[in-house]
Amino acid sequence: MRLFPLFADLDGREVLVVGGGDVALRKVEALLGAGARVRLFALELHPTLQDWLAHGRLVRLPGDFNPDWIDGCWLVVAATDDADFNAHLAAEAGRRRRLANIVDDAALSTFQVPAIVDRSPLLVAISSAGAAPMLARRVREQLEATLDASLGPLADLFARHRDAIRHALPDLAQRRRWFEAVLDGRIPALLRERRLDEAEAALAAGLAADAPAATGSVALVGVGPGDPSLLTLHALRAMHRVDRLFYDEAVPPDLRALARRDAHVEILSADDGAARAKVVDAALRGVRVVVLAPGDAFRRGERSGWADAVRAAGLPCEVVAGIVAD
Ligand SMILES: C[C@@]1(CC(=O)O)c2cc3[nH]c(cc4nc(cc5[nH]c(cc(n2)[C@H]1CCC(=O)O)[C@@](C)(CC(=O)O)[C@@H]5CCC(=O)O)C(CC(=O)O)=C4CCC(=O)O)c(CCC(=O)O)c3CC(=O)O
Ligand SMILES: NC(=O)C1=CN([C@@H]2O[C@H](COP(=O)(O)OP(=O)(O)OC[C@H]3O[C@@H](n4cnc5c(N)ncnc54)[C@H](O)[C@@H]3O)[C@@H](O)[C@H]2O)C=CC1
């Protein structure tokens with residue numbers, strides 16, 4: 001990772017923008033959208049910027065450029081078409097330990113502006129670290145098409161009920177299960193249809209109902225030959241929902257890395273009986289357990305008896321077939 005991603009709270013904070021052309025306009029628009037106080041210095045202003053100036057949406061700094069202006073600002077954007085001047089601004093900002101975006105020079109920039117998909121308060125930012133801004137734009141366009149417009153209202157809904165949710169479901173594992181049920185349920189569809197009151201009511205009703213008892217489960221997953229691209233969708237879905245992941249030592253790390261990030265991960269004991277007992281014991285504690293083994297291990301060969309053993313303990317058990325060569 002070349003650049004560290006972060007989201008800055010610029011509401012009410014000063015940002016210095018130097019330059020008044022098309023690119024400056026795009027940056028100013030985004031900055032104003034985030035509530036920043038834009039201080040602009042430019043020889044000439046784009047008509048839209050002139051308009052915003054006339055409406056008091058930004059301040060234009062007068063006279064010759066004064067580097068001390070940087071001291072009064074949290075960030076600097078150098079957006080002129082004069083590469084030498086932009087580089088000079090980068091140096092002045094660096095001397096003052098201010099982060100600066102130099103629009104014609106990724107290497108001189110101490111921050112860069114990503115392409116964004118805005119479903120506020122949910123925001124997706126895409127960066128190519130300056131390698132190919134147009135690629136970032138393309139990915140953004142693809143995400144625009146797939147990320148539903150209801151995501152913003154959905155995040156708002158969760159925010160409004162945040163305290164009530166925590167109160168009704170004090171246990172984190174329980175809360176996560178509840179969130180998943182909401183996300184897979186009818187509330188997103190209601191929001192898509194802009195039936196906000198009904199979505200609100202459905203959420204409140206769900207919270208008032210008894211919290212679902214945590215039921216453990218086991219998914220026995222064959223991962224095929226070990227290439228992550230040869231995992232089945234079924235396997236991937238199980239890995240995205242896992243609480244506790246056990247893996248056979250032959251399962252490669254890049255494949256294990258596809259599991260939900262905060263799942264607890266451990267290697268299976270070499271002793272088959274002990275390994276199975278541990279898996280059953282974990283699931284009986286009410287968590288979702290996933291066991292990964294190479295090939296189609298839980299349908300053919302030594303471990304084909306695992307599913308019956310898990311079910312005999314009263315636990316739901318799913319066996320996910322792995323791809324094997326004939
Ligand atoms: C380093 C960075 C500095 C910075 O933070 O600004 C930078 C640098 C440069 N951009 C250039 C060109 C274009 N940039 C865009 C578009 C975007 N550029 C953005 C960011 C960044 N651009 C930063 C890196 C971000 C990353 O890599 O992830 C986006 C994501 C965000 C934003 O700016 O809001 C926004 C997408 C918005 C969206 O989602 O649509 C387009 C397409 C268009 O305008 O439609 C063109 C072609 C326009 C044309 O050529 O006309 C050039 C070459 C100039 C040249 O060759 O002359 C340079 C300089 C260089 O690469 O050396
Ligand atoms: N980061 C990005 O996304 C992109 C960056 N670029 C680069 O960004 C730069 C700016 O592009 P545009 O906005 O299209 O240019 P533009 O020509 O529309 O505007 C340039 C602006 O800089 C001002 N300016 C020039 N010298 C100045 C100085 N010494 N002091 C104060 N203001 C000064 C001009 O008055 C004008 O307002 C170019 O170098 C371009 O290659 C271009 C496309 C995208």
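None of the figures in this text is laboratory data; all of them are computed from the coordinates on show. The structure presented is a predicted model; accordingly, all values stated were derived computationally and were not measured. Heads up, the Cβs are rebuilt from the backbone with ideal geometry, glycines too, and the neighbour counts pull from every protein chain shown.
Calculate how steeply helix 272-284 sits against the longest principal axis of the alpha-carbon atoms of the chain, using the helix alpha-carbon long axis, and give the answer as 0 to 90 degrees to the nearest 10. Orientation of helix 272-284: about 60 degrees from the principal axis.
Against the chain, whose longest principal axis comes from its Cα atoms, helix 133-146 is set at around 50 degrees. Could you state, as a whole-number percent, how many of the C-alpha pairs of the range 1-113 are farther apart than 21 Å? So the portion of pairs separated by more than 21 Å is 29 percent.
Helix 151-160 and the longest principal axis of the C-alpha atoms of the chain enclose an angle of approximately 80°. Compared with the alpha-carbon gap, the fully stretched path from Glu318 to Ala159 is longer by 53.8 nm at 0.36 nm per residue. Close amide H pairs (under 5 Å, H built 1.01 Å from N) link Arg37 with Gly12, Arg13, Glu14, Val15, residues at least 5 positions away or on another chain.
Amide H to amide H distances under 5 Å link Tyr247 with Glu266, Ile267, Leu268, Leu292, where only residues 5 or more positions off or on other chains count and H is placed in the peptide plane. Given the range 217-320, report the % of alpha carbon pairs whose separation exceeds 24 Å. In whole percent, the share of Cα-Cα pairs in the range 217-320 beyond 24 Å is 11.
Projected area of the range 80-213, taken from the Cα convex hull and averaged over every viewing direction, in nm²? Please list the in-between numbers first.
Numbers: hull surface 46.4 nm².
Hull-based average projected area comes out at 11.6 nm².
Residues whose amide H comes within less than 5 Å of that of Ile102, counting only those at least five positions distant or on another chain, are Ala78, Ser109, Thr110, Phe111 (H built at 1.01 Å from N in the peptide plane).
Gyration tensor over the Cα atoms of the range 159-297: the corresponding equivalent ellipsoid has semi-axes (square roots of 5 times the eigenvalues, largest first) of 34, 18, 11 Å. With the highest mean first, a sort of the peptides 57-67, 313-323, 14-24, 299-309 on other beta-carbon atoms found within 10 angstrom per residue produces 14-24, 313-323, 299-309, 57-67.
Shape annotation for the range 121-175: C-alpha extents along the principal axes are 46, 21, 15 Å, from largest to smallest.
Largest first, the three principal axis extents of the alpha carbons in the chain are 82, 46, 33 Å in whole numbers. Residues in the range 190-198 carry Karplus couplings, in order, of 4, 5, 4, 8, 6, 8, 5, 5, 5 Hz; the curve used is 6.51 cos²θ - 1.76 cosθ + 1.60 with θ = phi - 60°, and Gly or Pro positions show x. Based on alpha carbons, the Rg and Dmax found for the range 166-219 are 12.4, 38 Å. Across the range 235-246, computed HN-Hα scalar couplings (Karplus, 6.51 cos²θ - 1.76 cosθ + 1.60, θ = phi - 60°) run 5, 5, 4, 4, 5, 6, 10, 6, 9, 9, 10, 10 Hz from first to last residue, x flagging Gly and Pro. Could you work out the percent of alpha carbon pairs in the range 195-275 separated by over 14 Å, rounded to a whole number? More than 14 Å apart: 71 percent of the Cα pairs in the range 195-275. The convex hull around the C-alpha trace of the range 13-70, projected and averaged over every direction, spans 3.7 square nanometres.
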